[in-house]
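Structure first, then comments.
Bear in mind these aren't lab numbers, they're just calculated from the coordinates by the rules spelled out. Not measured: the values here are computed from a predicted model. No Cβ is skipped: glycine too gets one built from the backbone with ideal geometry, and neighbour counts run over all protein chains shown.
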Amino acid sequence: MAPMTPTELDRILAAHAGREGALLPILHDVQAAFGHVGEEAVRAIAAALNLSRAEVHGVVSFYHDFHETPAPRPVIKLCRAESCQARGGEALAATLAGETRVTIEPVYCLGLCSVGPNAMVGDGLHARLDAARLSALVESVA
């Protein structure tokens, strides 16, 4: 992810200026642009939205998709919902036991139930996973 620059952060804040309920969209944009929502961003967002830093931090720490520090390894979100489990998701997850090159985060539904098991890397969805495809996905991001 790109280092956090005031210019990019200012651009994100300006894109949402005057928008009602802008906090979550801003946080999503900051997370996408920088890979995390750091203290510098929390201060700037709070000032732009006339909120306290505690209010912004509370939202960042509540939702699991927001991270306060950059992830040390690439993140693969692996669907663990019932539909993906029924299509072999549990066995697929077991193939990643001990994997240290990526962080595996369980998520509970990526919305592609008919073509599971599924995973998400960044904004990219990966469907119809089997052990070989999942291994290739890990290789591609590690």
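Summarising the strand pairing of the chain, around 50 percent of its internal DSSP beta bridges are antiparallel.
Straightening the chain between His64 and His28 buys 11.8 nm, computed as 0.36 nm per residue apart minus the Cα-Cα spacing. Only helices reaching 20 angstrom along their own axis (Cα) with mean Kyte-Doolittle hydropathy no lower than -0.5 count here, and not one DSSP H run of the chain does. Taking the helices alone, the chain has a mean residue ellipticity at 222 nm of -13000 deg cm²/dmol, built from -39,500 (n - 2.57) per DSSP H run of at least 4 residues and averaged over all its residues.
Around Arg73, with a cut-off of 14 angstrom between Cβ atoms, what is the net charge of the other residues, counting Lys and Arg +1 and Asp and Glu -1? Every neighbour counted, the sum reads -1. Checking Cβ-Cβ separations below 4.7 Å across the chain identifies Cys109, Cys113 as cysteines lacking any candidate disulfide partner. With each label modelled as a point 7 angstrom along the Cα→C-beta vector, the Thr100-Val141 pair spans 2.0 nm. When the chain is described by a simple charge dipole with +1 on each Lys and Arg Cβ and -1 on each Asp and Glu Cβ, the residue from Ile76, Ser52, Leu112 located farthest towards its positive end is Leu112. Fully extending the segment from Tyr108 to Arg19, taken as 0.36 nm per residue of separation minus the present Cα-Cα distance, adds 29.1 nm.
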